[in-house]
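Okay, so here's the structure we're looking at.
The values are calculated or read from the model by the stated rules, or taken from the named source; none is laboratory data. What you are looking at is a predicted structure, and each value in this text was computed from that prediction instead of being measured. Positions of Cβ are backbone-derived with ideal geometry, glycine not excepted, and every protein chain shown enters the neighbour counts.
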Amino acid sequence: MSDSTNKPNTGFWIIAVIALIWNLMGVFNYLSQAFMTDEMKALLPEAQQTYMNNVPAWATAAFAFAVFGGALASVFLLLKKQLSKTLFIVSLLGVLIQMFYAFFMGGGIDAFGPGGVIMPIVIILFSSFLVWYSNDVTKKGWIS
């Protein structure tokens, strides 16, 4: 057996670490929302309270798939495993389902205002980038 000469460059490691941090922030956000007490919700504007109290289980599940799938995918990317690509796809699907609900069904724009559109767009773009990137580094032979 010969050692592969296709070793990841420094940019790979930077992107993989940023992906892990980003997705761990998503996990933190999910857990914060899942374990938010009624007292904490009462501090939010009424429109946001209404939105959060009416999110269906399937949209919450999509949120969980998005953040936990992304975090696990980032770990596998750091381990240079091709499974990261599949998990990033699962994560992106979770993001798209969650954002579809928030934008088109749940009244997220009304609850959070036009400024509440910026972060979801960034999330969609970054999730899409991670799918593309994991596919690209697989083609380069950096992960197996």
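One residue is enough: does region 126-143 have a residue meeting the conditions closer than 25 Å to MET36 by Cα and either in contact (Cβ under 8 Å) with a residue 40 or more places away in the chain or assigned to a loop (DSSP other than H, G, I, E, B) (or both)?
No: region 126-143 contains no residue that is closer than 25 Å to MET36 by Cα and either in contact (Cβ under 8 Å) with a residue 40 or more places away in the chain or assigned to a loop (DSSP other than H, G, I, E, B) (or both).
Being assigned to a helix (DSSP H, G or I) and surrounded by fewer than 18 Cβ atoms within 10 Å (Cβ to Cβ) is true for just one of LEU87, LEU31. Which residue is that?
Just one listed residue meets the conditions, LEU31.
Please determine whether any residue of region 70-80 is closer than 19 Å to GLU46 by Cα and of a type outside the set (Phe, Trp, Tyr).
Looking for residues that are closer than 19 Å to GLU46 by Cα and of a type outside the set (Phe, Trp, Tyr), one finds none in region 70-80, hence no.
Looking at region 64-96 only, could you name the residues that are over 16 Å from ILE15 (Cα atoms) and either among the hydroxyl-bearing types (Ser, Thr, Tyr) or modelled with pLDDT under 95 (or both)?
Within region 64-96, THR86, SER91 meet the criteria.
So which residues in region 21-34 are under 18 Å from ASN54 (Cβ atoms) and among the hydrophobic types (A, V, I, L, M, F, W, C), if there are any at all?
Selection gives ALA34 alone.
In region 51-76, what residues are in a helix (DSSP H, G or I), β-branched (Val, Ile, Thr) and under 18 Å from GLN98 (Cβ atoms)?
THR60, VAL67
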